[in-house]
Amino acid sequence: MTIHYRVADDAPFYDAVGEVLRNDGTVIFPTETVYGLGANGLSTAAVKKIFAAKGRPADNPLILHIAARDWLERLTSGVPERAMRFIEAFWPGPLTLIFERSDIVPDVVTAGLATVAIRMPSDPVARAVIEAAGLPIAAPSANLSGKPSPTKAEHVLADMMGKVDVIVTAGDVKHGLESTVLDVSKEPYTLLRPGTITLEQLLKIAPDIAFDETLLKKSKLVQPRAPGMKYRHYAPNAEVYVIDRAHTPLEIESILDAERAKGKSVQYVDMAAEDLAGQLFAIFRNADDAGYDVVCVKSVATDGVGLAVMNRLLKAADYKIL
Ligand code: TXA
Ligand code: MG
């Protein structure tokens, strides 16, 4: 049985939610990026429930969410001074940092890696949940494994009702793409997953950040350094194609017509990068609800948040560009 609390309607519930988390239960809550599925990040038994609820492969490590910086000392074997600059600039907010882990972090969180991913969300509901628990909260995106990350209350209710102890909803999330992931555990610092905190913003803090080459192209030789980036998630059941924005409107029309001529129902999406960032995952889910066979999305420039949008889009399209 899942208890559902609506932030707007229900009486204060944070004490009850904190109790569930301290007792190794599972709680879905909104963050500024996407909804997360949280559990006590120091408990192997609790974290195993996350993998079970999502159907997530065990080789994909989780992010620990904290509400206060003092947890950093306990969860890592030290924060490099240069890395502190990112914390000063972007925490609380949608930036996950990878550090060398300490011994109190269970193997189930890191999938056995020597590093741990940590982020401090800015969303007030997320912060209240973490504070109520008084623990670091391990939380992946709250979708069933293989589905796009949930950005609206209805997404988590559809995927997860009956699979977790508590669902806290607060309408639509602010950003709609998962956090930027930056590895500061070794030099050069490397961008593992782009997000709404952009590469350009990170380069202002440290001009020598490397770029995981698998972010925009498929590679049979190189494994992505964030294990989760190798999966074809973010994808709807419909086929996704990226349409090169260099095409003229007429060329795009004939590409769409060619798909329709195969008897397929086609949705065409032409949006600015900033709007796609917030809506891409909802567009994918809606395409399935509406029964489209194909979703064609016009590409965007890969500067700013466009890098994150193209990363998610190309993965969903299995790098098919028309
Ligand atoms: O915005 C977000 O980050 C959301 C919200 C809920 O906070 N969470 C999220 O978690 O997107 P998840 O589990 O869906 O994605 C975490 C990513 C995965 O690609 C995973 O492989 C990578 O971070 N990751 C986690 N720990 C890592 C580590 N120690 N080294 C490298 N990559 C790691
Ligand atoms: Mg995810």
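The values are calculated or read from the model by the stated rules, or taken from the named source; none is laboratory data. In this text, all values refer to a predicted model and were calculated from it rather than measured experimentally. FYI the Cβ positions are ideal-geometry reconstructions off the backbone, even for glycines, and counts take in every protein chain you see.
Being in a strand (DSSP E or B), β-branched (Val, Ile, Thr) and under 22 Å from the mean Cα position of the chain (by Cα) is the filter; apply it to region 1-60 and report the residue that is farthest from ligand 1 (Cβ to nearest atom). Before the answer, list the steps.
The initial filter retains those residues of region 1-60 that are in a strand (DSSP E or B), namely 3-6, 27-29, 36-40.
From what is left, the residues that are β-branched (Val, Ile, Thr) are 3, 27-28.
Retained after the next criterion (residues that are under 22 Å from the mean Cα position of the chain (by Cα)): 27-28.
Working: Val27: 12, Ile28: 9 Å.
Out of the qualifying residues, it is Val27.
Determine whether region 234-241 contains at least one residue that is at pLDDT below 95, on the phi > 0 side of the Ramachandran plot and surrounded by 19 or more Cβ atoms within 10 Å (Cβ to Cβ).
The answer is yes, given that some residue of region 234-241 is at pLDDT below 95, on the phi > 0 side of the Ramachandran plot and surrounded by 19 or more Cβ atoms within 10 Å (Cβ to Cβ).
Conditions (1) among the β-branched types (Val, Ile, Thr); (2) within 15 Å of ligand 2 (Cβ to nearest atom); (3) surrounded by 23 or more Cβ atoms within 10 Å (Cβ to Cβ), marked per residue:
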| site | (1), (2), (3) |
| --- | --- |
| Val116 | yes, no, yes |
| Ala126 | no, no, yes |
| Val129 | yes, no, yes |
| Asn143 | no, yes, yes |
| Lys152 | no, no, no |
| Ala158 | no, no, no |
| Val166 | yes, no, no |
| Asp172 | no, no, no |
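Identify all residues within region 1-56 that are buried (at least 21 other Cβ atoms within 10 Å of the Cβ) and small (Gly, Ala, Ser); write none if there are none.
Gly36, Gly38, Ala39, Gly41, Ala46, Ala53
Inside region 177-208, can you point out the residues that are more than 15 Å from ligand 1 (Cβ to nearest atom) and either of a type in the set (D, E, K, R) or within 14 Å of Arg85 (Cβ to Cβ) (or both)?
Glu187, Glu200, Gln201, Leu202, Leu203, Lys204, Ile205, Ala206, Pro207, Asp208
Which of (1) within 8 Å of ligand 1 (Cβ to nearest atom); (2) under 17 Å from Ala67 (Cα atoms); (3) surrounded by fewer than 23 Cβ atoms within 10 Å (Cβ to Cβ); (4) polar (S, T, N, Q) is the odd one out, the single condition Thr110 does not satisfy?
(2)
Can you find even one residue in region 263-277 that is acidic (Asp, Glu), in a loop (DSSP other than H, G, I, E, B) and within 30 Å of Lys54 (Cβ to Cβ)?
So the first thing to find is which residues in region 263-277 are acidic (Asp, Glu), and the list is 270, 274-275.
Okay, now just the ones that are also in a loop (DSSP other than H, G, I, E, B), so 270.
Narrowing the set further to residues that are within 30 Å of Lys54 (Cβ to Cβ) leaves none.
Within region 263-277 (the criterion being acidic (Asp, Glu), in a loop (DSSP other than H, G, I, E, B) and within 30 Å of Lys54 (Cβ to Cβ)), the answer is no, since none of the residues qualifies.
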